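The values are calculated or read from the model by the stated rules, or taken from the named source; none is laboratory data. Just so you know, these numbers come straight off a predicted model, no measurement behind them. Here the Cβ is made from the backbone with ideal geometry for all residues, glycine too, and neighbour counts use every protein chain on show.
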Amino acid sequence: MAEDKFDAIVVGAGPAGSACAYTLAKQGKNVLLLERGNAAGNKNVSGGRLYTYALELLEPGMYKRAPLQRKIIREQIMLLNERGATTVDYFNPGFGEEVPQSYSVVRAELDEWFAGEVESHGATVASGVLVDELIEENGKIVGIRSGDDEMRADIVVAADGVNSLLGQKAGLFPDVTAHAVGLGVKETIELPDSLISARFGVKDDEGAARVAIGCTDGISGGAFLYTNKGSVSIGIVFNLVQAAKQKRQVQDIFQDFKMHPAIQPLIEGGTSVEYGAHLVPELGYSGIPKRLHREGFLVVGDAAQFGINTGLIIRGMDLAIVSGLAAAQAILKSTKPSETGELYTKQLEALLLTANERAYENFHNIFEISRIFNAYPKLANEAMQFLFTVDGKVPKPMLKGLLGVLRKNATFGQLAADGWKAYRSL
Amino acid sequence: MSIKKLGPEELLALDKFSVDEGHPHILVDKSICATCTAQVCLVVCPARCYRLKDDAVNFEYAGCLECGTCRVMCTGKGVTSWNYPRATFGVTFRCS
């Protein structure tokens, strides 16, 4: 086949790849965006919620065109024990005003739309193309190989996701390790909008995002629940190292969470329509490879392990978009190929991605406190049970009762140690 | 429809797959798996592609969700090669 030469080849039409290709194409660059799925989004799974600022950074007002689901104005934290649940529910309509802070998203829709936007600016978008190899000449990456086809470009941008086989093939970093990623599993459940709005206490264009702990059999990790238009996304992210040390299949733990007496009524009457799984970068700043570029090659998005997870805030897609934009800006600014990589690093800093990652640098250490995922949710529920129980018997004095619940679930030594660890992580 | 606990086959039946017959994208060496004592794949594969059959680890690539967990977690090195399925094959997510 005849060789094609592009200004840039972007591999992977997720948010990172599309943001990069979009920016380049808009500036008149000859861009090829490749996607291994039959359509963009076909291979992608996320929670998912998108923080809107990233799309605003790419192009003000762009979010209005995007197929976003519900604007999230209710943030909920659920602590579960076997049958009970203690929920913190934070309602803030301000999160939905002006440019709403975040939206729930369905990736099949979002990614396909995004790739369409890229195409509308004149880029070539080719779906159903798996990139097998990088072409290297004189120590530089000069293109890609897919089957018998070779395609060449001044620069190849790897937006090939958390497993980034291309980044490994470029020799930039080794394969991800078990402690660096979490495993997310998810079921999408169709449910009429009227039921979703009523059950989550929102209007039809508004939504809730819920995280839950105490539902992972003690494995470090947590569950999530997002309200979409006409569906609810429900899932769990597991720490893989700990999941591997116990005997229950992760699928079973997830299905038990779905059937928890406090969860099941939220989705009752719904129809399960899809089951997916995906790895999630877990370490934040310390998980980002030291090298994200070499001549002719940049790594963006999940492939660069960009992620922030505080347990309450889970960010990936926004960082993907910002990094894709940073890569595009670096390519546009660059006057010679050898300086593009350094410019990319500078743009990641200029767009505050690096500072955002650094702000939570030690945060993942908090998830090593095992009692967060079992003893403390139990403690919360047992304390609630004590506070709300009325059975005609003489109640224990308040302080004595609460101390009893506390001692049953953790010693003061453990509390002090965990408190210190949490303090050090924050 | 009522919500119920779904088994592995029921969960995978929700998804759309196009199986590349005769071309597994992940290669597993069962003789290595036979000597592996950890066998964490049985617990962590979210699609349950790895299961015990006659006390031996059996791998079925047809229902693979392409997440990469087995590649990352295989401590015994029984997963000898891991790739994405050839273009147009594998799972297609439509509403995730």
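Summary table
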quantity	calculated
Subset of region A:144-183 (residues that are small (G, A, S) and crowded, with 24+ Cβ neighbours inside 10 Å)	A:A158, A:A159, A:G161, A:S164, A:G167, A:G182
Selection within region B:71-86 - more than 7 Å from every other protein chain (Cβ to nearest Cβ), buried (at least 22 other Cβ atoms within 10 Å of the Cβ) and hydrophobic (A, V, I, L, M, F, W, C)	B:C74
Single residue of region A:145-190 satisfying the filter (out of contact with any helix residue (DSSP H, G or I) (no Cβ under 7 Å at 6 or more places or on another chain) and on the phi > 0 side of the Ramachandran plot) that is nearest to the other protein chains (Cβ to nearest Cβ)	A:G147
Looking only at region A:32-79, and only at residues there that are among the β-branched types (V, I, T) and surrounded by fewer than 24 Cβ atoms within 10 Å (Cβ to Cβ), the one that is farthest from A:V322 (Cα to Cα)	A:I77
Check on A:A375, without any contact (Cβ under 8 Å) to a residue 40 or more places away in the chain and not assigned by TED's automatic domain parsing to the domain that holds A:R294	yes
Checklist (1) within 10 Å of another protein chain (Cβ to nearest Cβ); (2) in a helix (DSSP H, G or I) applied to A:K247, failing item	(2)
Verdict on B:G7 being facing another protein chain (nearest Cβ under 9 Å) and loosely packed, with under 15 Cβ neighbours inside 10 Å	yes
Failed condition for A:D252, given (1) more than 13 Å from chain B (Cβ to nearest Cβ); (2) surrounded by fewer than 24 Cβ atoms within 10 Å (Cβ to Cβ)	(1)
Given (1) assigned by TED's automatic domain parsing to the domain that holds A:R36; (2) under 19 Å from the mean Cα position of the chain (by Cα), number of the condition A:V185 does not satisfy	(1)
Unmet criterion (only one of (1) within 7 Å of another protein chain (Cβ to nearest Cβ); (2) crowded, with 18+ Cβ neighbours inside 10 Å; (3) out of contact with any Cys (no Cβ under 8 Å at 6 or more places or on another chain)) for B:F89	(1)
So A:D193, is it modelled with pLDDT under 95, more than 10 Å from chain B (Cβ to nearest Cβ) and in contact with an Asp or Glu (Cβ under 6 Å, 6 or more places away or on another chain)	no
Residue list for region A:298-312, restricted to those being surrounded by fewer than 24 Cβ atoms within 10 Å (Cβ to Cβ) and either of a type in the set (K, R) or in contact with a strand residue (DSSP E or B) (Cβ under 8 Å, 6 or more places away or on another chain) (or both)	A:I308, A:N309, A:G311, A:L312
